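Here the structure comes first, spelled out in structure tokens, and everything after it is commentary.
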Amino acid sequence: MSNYRYGNDYLVTAFKETTYGDYTGDYSVVATILPDAAEFKPQQEAIEIKSKTGSVVPQGSEVLAGKSSGTVTIKGELSHKHLWLLAAFCGDSSSPYEIQNSWTPWSHELHQYFLTDDKGFRATGCVLESLKLSGESGSTIQYEAVFRAREIISEVDFNAGDFVDYGNLLNWSNTPFLFGDIVSVNLLDNNDYATFNRFNLNLNRSFANDDLSYQNAMKRNSDLLTGVSGSFGFETNYFNNSSGLFEDQLLHSAIKRIQFSLKDGTNTWLVTLYGKLSEVSPADPDRQIFVLAAEMRLAGDSTNQPLSIIVS
């Protein structure tokens, strides 16, 4: 089942749950309001039963509703207001945001609130599965976040019941990070490479098999985190110094560092990544190829975290 509501006249709100699938706070105090694109996809498994209906046309009694779940995808221009996504992925509540050694991921309740009639989607037990950040010259920094949802309910009345004092959702502002404002760039510990033309950071989490999560229920009882992975790709201009081509020094086993800062005029995110190069497309000026492209698989060691973001 896809998102069957149309139009852009909606906002996305997020609430950190007290326990998995349960938010016990006050909906009138909305801390996270996003004017971003969202897609809520409820999923319902079907169970076929051996029922004789006496008809050649399939009847409703031949199928029962099985396990329910869903996915929520949010994407748009990255800003300081999306700091909660870093916290949700890392399981960390304060700067520096680093991946925590925990099997229990944070969960959120997400709403797609349509301003036309105060109704929309309500998704509970939303656990961040993947987060992508990307940017290129002349544009804003983009993000895409995909959540696993425990349950998605459609046509919820956000003007009644617990939501009657939902708050003034029209009071929001969003100042995105611009690619042109990226500073303090250091690629692979080489001071000669202090800029890039584009980048993409992909962060992913894996979970235990669903059969272990439902346990005598039609909805997930929990989500168990089993692993975290990530990669960082970039493209930078060709450079040749007295020590020779930089590309010749890249492919070896040592862990390398990449660092850069995102700024919006008020807030700064200092992003530090450690990992090993998995792919290199070297520059070749003789063939009119003046850019170096590389992909790094995130990996930490006893001293350095694979991902660390300091917010100031």
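Do any of 41/256; 132/256; 16/41; 41/276; 16/219 go past 30 Å between their Cα atoms, and which? Provide the component values of the computation, followed by the final result.
Numbers: 41/256 39 Å; 132/256 21 Å; 16/41 20 Å; 41/276 36 Å; 16/219 19 Å.
Beyond 30 Å between Cα atoms: 41/256; 41/276.
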Total formal charge among the other residues, if their Cβ is under 13 angstrom from that of residue 15, Lys/Arg +1 and Asp/Glu -1: -3
Under 5 Å, built H, 5+ apart or other chain: amide partners of residue 67: 45
Amide proton proximity set for residue 151, modelled H, under 5 Å, gap of 5+: 124
Label point distance in nm, residue 73-residue 194, each placed 7 Å from Cα along Cα→Cβ: 4.0 nm
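Over segment 10-311, what is the relative contact order in whole percent, taking alpha-carbon pairs under 8 Å and six or more residues apart?
Working: 723 pairs, mean separation 51.6, N = 302.
Relative contact order for segment 10-311 comes out at 17 percent.
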Charged-residue dipole, Cβ positions (Lys, Arg, Asp, Glu), the chain about Cα centre, Debye nearest 20: 440 debye
CD proxy at 222 nm, helix term only [per DSSP H run n ≥ 4: -39500 (n - 2.57); per residue of the chain; nearest 500]: -1000 deg cm²/dmol
Amide H partners (placed H, <5 Å) of residue 275, local residues excluded: 256, 299
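Please arrange 114, 196 by how many other C-beta atoms lie within 10 Å of their C-beta, fewest to most.
Numbers: 114 18, 196 24.
Listed from fewest to most nearby Cβ atoms, that is 114, 196.
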Residue-count net charge about residue 28 - beta-carbon cut-off 12 Å; Lys, Arg +1, Asp, Glu -1: -3
Cα convex hull of segment 10-311 - mean projected area over all directions, nm²: 21.8 nm²
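If you count the DSSP beta bridges with both ends in segment 10-311, what percent of them are antiparallel, to the nearest 5? List each step's numbers first, then the result.
Details: 102 of 102 bridges.
Expressed as a percentage, antiparallel bridges in segment 10-311 total about 100.
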Compactness of segment 4-157 as Cα Rg over 2.2 N^0.38 Å, two decimals: 1.25
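Where Lys and Arg each count +1 and Asp and Glu each count -1, what net charge lies around residue 186 among other residues with Cβ under 15 Å from its Cβ? Don't jump to the answer; show the numbers that get you there.
Numbers: positive: 256, 257; negative: 189, 192.
Result for the local shell: 0.
We did not get these values from a lab; they are worked out from the coordinates using the rules stated. Note that the structure is a prediction, hence the values are computed from the model and not measured. Virtual Cβ from ideal backbone geometry, glycine too; neighbours counted across all protein chains shown.
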